[in-house]
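Here's the structure we're looking at; comments come further down.
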Amino acid sequence: MSGVLIIGNGIAGATAAFTLRQLDTEKRITVVTDEEYPLYTICALPHFLCDELEKEGLMIKTPADYEQSGIHLLTKKSVSAIDPQKKKTYFTDGDSLSYDTLVLATGSYPLRLPLKGVDLPGVFFLKNLDDAEAIAGYSCKKAVVVGSGAVGIETALSLMKRGVEVTIVELLDRILPRALDKKPADVLTGMLENAGIRVLTSEKLTVIKGDNRVAGVTTDKREIPCDLVVLGAGMRPNVSIAKEMGCEIGKTGGVKVDEFMKTSVNDVYACGDCAETIDMFTNTKTLSMLWNNAKRQGNVVGHNLAGVPMAYPGSENVTSLECLGVHVASFGILESNSNGRGKSMEIQRGSCRMWITVIDDRIAGAQSIGECPQAHALLYAVKRKESIQNLRTTFSNPSDIALLPPGYVASMKRLVEYLS
């Protein structure tokens, strides 16, 4: 019996496997990964990097968890080819496996900048546990982090905690460019600089200098001495195998899937970073590449593999991180991505500063620095594209809310007060 074969053991692939097992105790499930570990959290790698978390603390599953669930986990195994006609997968070590149904959860890989010096010792990515261990084991005093997404910022903070002098270099005009508009990004920049991290925006890395190891970098504006470089300039979906086996690739570069996460090839699903999905807030095609969305997609695949139909409602563009003990969050549409239609409404309540994107009186997105007690209600309002005026009218009129759930009413009333 061939059963289900899952390529990839990140949160998407592992969730698909364990969800399927919960719903079907008989089906044969095999998970293949090119790493040597069971499922671990990549979100916590920066905490491991600065010794706040031991290696064991990263692990979400143990080999015993797979064994007890009847899931065959094959580690350190790389796929060389897949024949969808024969339903057979071939590996670089010469082995092969047949399948009835295949799940592509192949993830993503870091963007490799075409720069002189990119292969020097001292140049790293931070994508997996091996990367984190390599960085932690490399002796350095000054580091340059290229790119200021969530991973870049968390890496910079981790290196700073290790006593390293850190500079962030960002090509765009602000940090966290996919999650923050300019005003909140500038607030966050000020926090990082006050903590001792140098932040350079609107600056392009051109050369990594050094002979036998990294000695510095050159940008289009200056030279920066350093002995370690972390490249975090973006991720790309890992779709090479999917392309070769004939899966249709979407405009974003991810594997094209339908609402049930099925690809264009019979009996083949895709989920996680490699899959192109719909953005719940904009209704456009997207590569979400976020942990929570990958987990939700894996859950959908697991249900459908078990014969329990489930549609994926769309990816939520939600970013959340801790920076110097302060919570930073973003969801929905940025003002800068609204094609000129959005307006930003800034609110400060206590220690929380919030910037709400409003399009045609409707709440389209929000960004916050500091703990926001109404974050969940606001996220719900963004998903429903609630009108601010309607919220104020509806939740001030007892007759209009009589049939609504009490918990929802209470939450929305607090939100209206917050926005007033």
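Miscellaneous remarks
- Tally, over the range 267-283, of residues that are surrounded by fewer than 19 Cβ atoms within 10 Å (Cβ to Cβ) and over 12 Å from N317 (Cα atoms): 1
- Summed over the range 38-64, residues that are in a loop (DSSP other than H, G, I, E, B) and either surrounded by fewer than 18 Cβ atoms within 10 Å (Cβ to Cβ) or small (G, A, S) (or both) total 7.
- Count - residues of the range 1-23 that are among the charged types (D, E, K, R) and in a strand (DSSP E or B): 0
- Picking from residues in the range 68-99 that are without any contact (Cβ under 8 Å) to a residue 12 or more places away in the chain and assigned to a loop (DSSP other than H, G, I, E, B), the one that is farthest from A16 (Cα to Cα) is G94.
- Within the range 338-352, one or more residues are in a loop (DSSP other than H, G, I, E, B), under 25 Å from the mean Cα position of the chain (by Cα) and either more than 18 Å from A150 (Cα to Cα) or touching a residue at least 40 places away in the same chain (Cβ under 8 Å) (or both).
- Just one residue in the set K161, K251 is modelled with pLDDT of 95 or more, under 20 Å from L45 (Cβ atoms) and of a type in the set (K, R); that residue is K161.
- Filter result for the condition that a residue is closer than 26 Å to K161 by Cβ, buried (at least 19 other Cβ atoms within 10 Å of the Cβ), not assigned by TED's automatic domain parsing to the domain that holds F281 and not aliphatic (A, V, I, L, M), over S330, S344, S351: S330
- Tabulated pairs, the range 118-138, first in contact (Cβ under 8 Å) with a residue 40 or more places away in the chain, second assigned to a loop (DSSP other than H, G, I, E, B) and of a type in the set (K, R), C-beta under 7 angstrom, 6+ apart or interchain: V118/R112; L120/R213; P121/R213; G122/R213
- The set of residues from the range 291-337 being of a type outside the set (G, A, S), under 12 Å from the mean Cα position of the chain (by Cα) and closer than 29 Å to K27 by Cα comprises W291, N292, N293, K295.
- Screening V118 against (1) surrounded by fewer than 16 Cβ atoms within 10 Å (Cβ to Cβ); (2) of a type in the set (V, I, T); (3) farther than 30 Å from A185 by Cβ leaves a single unmet condition, (3).
- Looking only at residues in the range 126-153 that are closer than 20 Å to L39 by Cβ and of a type outside the set (V, I, T), the one that is surrounded by the fewest Cβ atoms within 10 Å (Cβ to Cβ) is D130.
The values are calculated or read from the model by the stated rules, or taken from the named source; none is laboratory data. Just so it is clear, the model here is predicted, and its values are computed rather than measured. Ideal geometry is used to build each Cβ from the backbone, glycine not excepted, and the neighbour counts take in all protein chains shown.
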